[in-house]
Amino acid sequence: MNFQYNEKSITLQSRVRLFMEDYILPMDEQVESFYRDPANLWKKWPGLESLKEAARSAGLWNLFLPADYKGFSPGLTNLEYAPLAELMGRVRWASEVFNCSPPDTGNMEVLARYGSPDQQKQWLTPLMEGKIRSAFLMTEPEVASSDATNMQTSITADQGDYLITGRKWWSSGAMDPDCKIAIVMGKTDFEAPRHEQHSMILVPLDTPGVQIIRPLSVFGYLDSPEGHAEVVLESVRVPKANLILGEGRGFEIAQGRLGPGRIHHCMRLIGMAQRALELMSERATQRSPFGRSLDTYSSIRQEVARSACEIEQARLLVLSAADKIDRVGSKSAKDLISMIKIVVPTMAATVIDRAIQIMGGKGMSSDTPLAHFYAAARSLRLADGPDEVHMSQLGKGTIKKYTRPHE
């Protein structure tokens with residue numbers, strides 16, 4: 001395991017860092033104020049497109065896409081992209097500037113890896129160009145979606161089309177005014193073996209029968225403008241050509257989608273935790289309760305030290321997972337992928353919580369990004385599979401690894 005970044009990655013890290021410092025961090029307070037204003041709900045900050053054009057002109061565009069798409073991206077490995085995702089994670093809205101936002105990243109990977117040429121032309125190309133945004137509809141409110149085999153949305157063949165009926169929620173990206181397409185997971189065969197019942201299909205959001213019922217808040221945050229929606233699909237008719245890869249291939253696609261996606265999520269979380277560490281360190285030198293500055297108290301130094309250790313441990317674990325995905329693929333890296341999903345959100349929430357405590361009342365307010373960071377970190381203990389699912393799978397595999405078969 002050699003995690004020394006190559007020259008390509010180091011150069012891009014420097015360029016992304018400078019772009020963040022010159023263009024994004026100076027606008028962070030203005031952008032967050034814009035999105036907090038109820039009058040701007042589900043609207044785009046007016047300066048976003050000019051920043052996106054600046055990033056694209058600088059060659060900092062679609063950085064997550066694999067080498068097969070060098071016409072649209074630098075063609076980075078997961079290990080090369082990971083530190084760039086960390087840098088973007090320092091600001092909540094920064095990823096979109098580089099066209100590296102979820103769920104678009106995962107949806108683009110699905111279309112790039114599994115989409116037909118027509119699907120790629122119609123939807124992947126405008127996504128890669130940043131002209132549209134997308135949503136991913138998987139979780140359902142009426143079943144225990146931690147077991148994805150429970151989902152009840154039906155995808156039924158009807159002459160030359162499919163009819164889709166179901167209710168989804170936590171459909172990230174569906175509230176965005178630029179969202180034009182959703183990838184929907186449902187069942188095409190309720191009688192097939194459990195992991196061969198599901199399929200994924202492309203559904204344009206303007207298709208009759210698609211109803212966005214309401215936005216969902218995360219600890220009070222609506223995450224405008226992309227948001228998370230509850231969506232009803234009522235006899236939604238789409239052509240059979242919209243099916244991705246084939247009937248019964250839904251779990252196969254999902255596993256291919258989630259490996260790199262969890263690297264992205266975790267590195268963005270590490271970026272949040274790293275910024276929280278920097279904010280708490282700075283704050284410790286600025287406040288002097290009881291006649292001493294906070295940074296002179298042993299307890300404060302210990303909190304900062306623990307945070308620095310935990311961030312670096314998590315960072316190295318994610319880089320190990322990224323390296324293994326690059327070398328042997330997501331399936332062979334599944335234990336490490338489970339590990340990062342278990343470790344990183346809890347680490348980030350813990351570090352951010354310490355920063356809030358050291359920051360005091362200011363840390364709970366909108367004057368810093370910490371409260372919103374905390375909500376994001378806590379929610380990711382549920383997104384892409386709850387902790388318990390990953391621990392169960394990892395525990396089962398670990399026990400099997402170290403246990404001799406019974407004679």
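The values are calculated or read from the model by the stated rules, or taken from the named source; none is laboratory data. What you see is a predicted model, and the numbers here were worked out from it, not measured in a lab. Ideal geometry is used to build each Cβ from the backbone, glycine not excepted, and the neighbour counts take in all protein chains shown.
A few comments on the model shown:
- Flag for MET272 being part of a strand (DSSP E or B), at pLDDT 95 or above and not polar (S, T, N, Q): no
- Of the residues making up the range 174-196, those that are free of Cβ contacts under 8 Å to residues at least 12 places away in the same chain and either in contact with a helix residue (DSSP H, G or I) (Cβ under 9 Å, 6 or more places away or on another chain) or outside the structural domain of ARG214 (by TED's automatic domain parsing) (or both) number 0.
- Residue count for the range 80-107, restricted to those that are farther than 27 Å from PRO177 by Cβ and either in the same structural domain as LEU319 (by TED's automatic domain parsing) or among the charged types (D, E, K, R) (or both): 2.
- Verdict on VAL210 being surrounded by fewer than 22 Cβ atoms within 10 Å (Cβ to Cβ), of a type outside the set (Lys, Arg), closer than 18 Å to PRO141 by Cβ and touching a Lys or Arg at 6+ places or on another chain (Cβ under 6 Å): no
- Among strands (runs of 3 or more DSSP E) entirely within the range 128-237, having at least 1 residues that are modelled with pLDDT of 95 or more and polar (S, T, N, Q) singles out 133-137, 154-158, 161-172, 198-204, 210-216.
- Within the range 142-162, if we keep just the residues that are without any contact (Cβ under 8 Å) to a residue 40 or more places away in the chain and small (Gly, Ala, Ser), the residue that is surrounded by the fewest Cβ atoms within 10 Å (Cβ to Cβ) turns out to be ALA144.
- Criterion violated by PHE219 - all others in (1) under 19 Å from the mean Cα position of the chain (by Cα); (2) under 19 Å from GLY106 (Cβ atoms) satisfied: (2)
- Scanning the range 80-100 for residues that are surrounded by 24 or more Cβ atoms within 10 Å (Cβ to Cβ) and part of a loop (DSSP other than H, G, I, E, B) yields GLY89, PHE98, ASN99, CYS100.
- Options THR165, THR77, THR139; residue that is touching a residue at least 60 places away in the same chain (Cβ under 8 Å), over 30 Å from SER33 (Cα atoms), buried (at least 17 other Cβ atoms within 10 Å of the Cβ) and not assigned by TED's automatic domain parsing to the domain that holds ARG257: THR77
- Test: LEU269 is of a type in the set (A, V, I, L, M) and within 20 Å of LEU65 (Cα to Cα): yes
- Pairing residues of the range 24-53 that are in contact (Cβ under 8 Å) with a residue 24 or more places away in the chain with residues that are part of a loop (DSSP other than H, G, I, E, B) and of a type in the set (Ser, Thr, Tyr), at Cβ distances under 8 Å and at least 6 apart in sequence or on separate chains, gives GLU32/SER366; TYR35/SER224; ARG36/SER366; ASN40/SER224; LEU41/SER224; TRP42/SER224; LYS43/SER224.
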